[in-house]
Structures are given as C-alpha cells and as structure tokens.
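The values are calculated or read from the model by the stated rules, or taken from the named source; none is laboratory data. Remember, it's a predicted structure, so these values are computed and weren't measured experimentally. For neighbour counting, all protein chains shown are included, and Cβ atoms are generated from backbone atoms with ideal geometry for every residue, glycine included. Just so you know, the surface numbers come from the protein's heavy atoms only, side chains and all, with ligands and any DNA or RNA stripped out. Shrake-Rupley method; radii C 1.70, N 1.55, O 1.52, S 1.80 Å.
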Amino acid sequence: MARTAGYELLGLPLAFTRVRTRLRVPRRLLREPVGGHRVSLVRCVIHSVLSGGVGLLGWFLVMLSVLVLVRGLAYPLVASDDYETSWGGPTLVGAWAVQAGLAVVIAPVFVGVIAALGRLQLRLTRTVLGGHRSWWAIPVAVVLAAVGALFFVAWVHQI
C-alpha cells in the first residue's frame, strides 16, 4: 500500500518526464512491468494530462490528511475559545477528543484512497503507454480529475 501511494505521489512529476522514465518507475518501485511500445506524441500528451490530473488529486488528499491530523491532534492550539458550537463541545476536552478521534480515523482513509489512486496511475500508464488496454482507466481518470478540481474549488470557497 505504501508503494502504490508513493507511486501516486510520483504521478505528477512523472507526467513531465520522458516516456522511458515513466515506464521504468513502475517496474522499479512497484515491481510491475509496463510493456512499452513506440509511443506517439498524442499518447504522451494524453498520459501527461491524465496522470497530472490524478496526481494533483493525490497531492490535494495528502494536504488534507496532514491538515486533518494537525488540526485534530493539536485542536486546542488551532481553535478559538468558543467550544459551544464545536463537535464534542461545550468543553475543551470533549471537543479535542472528538476532533482527534476523527483525525485518527480520516487520515488513514485518505492514505487508502491515495493508494487506490496509485493503482489507477499504474493502470493508466499501462493503458496509454503500454500494450495493455483497459477501457475503464481513461474515463475514470477524467472523472476523478474533474471531481477533484470541483472538490478543490469548493474547499477553497469554504475557507
């Protein structure tokens, strides 16, 4: 799980490298060969856009998981003095317990989603650059990149 999560986080920088590097990294990191053939410029651009979009979503989830952990575990340092409207309030202890408990539960879920996105990155690389064809990898990557962009915009507007 850690390797696939790492591969997901490498998806964004790999989107801007040579095709040879994009095919070599999964073989070395995940020990999964990606059969390459002569790749056209169109396939390379398609892979760059899709891999970059899914990679950005992974980095956004990493940022959210760190934010959830810091805010949950250090709740008294980041919260104001009004605990009446906080989850677990009206006392500091109750609010801190609920925030920390949610952080400890939500952060591993985000790491699991990042690992699943890493598997999608591998399937996307195999589909676009390798010889293996999966009909679902490209539409799923497009939908996830679009949903991730909408989620990011919504998150920015609520700050």
- Gln99 passes all but one of the listed conditions (1) closer than 30 Å to Gly35 by Cα; (2) without any contact (Cβ under 8 Å) to a residue 60 or more places away in the chain; (3) open to solvent by less than 60 Å² (accessible area, probe 1.4 Å); the exception is number (1)
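In the set Ala115, Ala95, which member is farther than 21 Å from Arg27 by Cα and among the aliphatic types (A, V, I, L, M)?
Working: Ala115 fails: farther than 21 Å from Arg27 by Cα.
From the options Ala115, Ala95, the qualifying one is Ala95.
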- Note on the structure: Filtering the stretch 124-143 down to residues that are in contact (Cβ under 8 Å) with a residue 12 or more places away in the chain and crowded, with 19+ Cβ neighbours inside 10 Å yields Leu124, Thr125, Arg126, Val128, Leu129, Gly130, Ala137, Ala141
- Item | Top-ranked residue in the stretch 1-55 [being at pLDDT 85 or above and assigned to a loop (DSSP other than H, G, I, E, B); ranked as nearest to Leu124 (Cα to Cα)] | Ala15
- Which numbered condition Leu73 misses (of (1) open to solvent by 40 Å² or more (accessible area, probe 1.4 Å); (2) within 12 Å of Leu129 (Cβ to Cβ)): (2)
- Message: Condition first: assigned to a helix (DSSP H, G or I) and open to solvent by 70 Å² or more (accessible area, probe 1.4 Å). Can you find one or more residues in the stretch 106-114 that meet it?
- Response: yes
- Report whether or not Val78 is loosely packed, with under 14 Cβ neighbours inside 10 Å, of a type in the set (Val, Ile, Thr) and over 22 Å from the mean Cα position of the chain (by Cα). yes
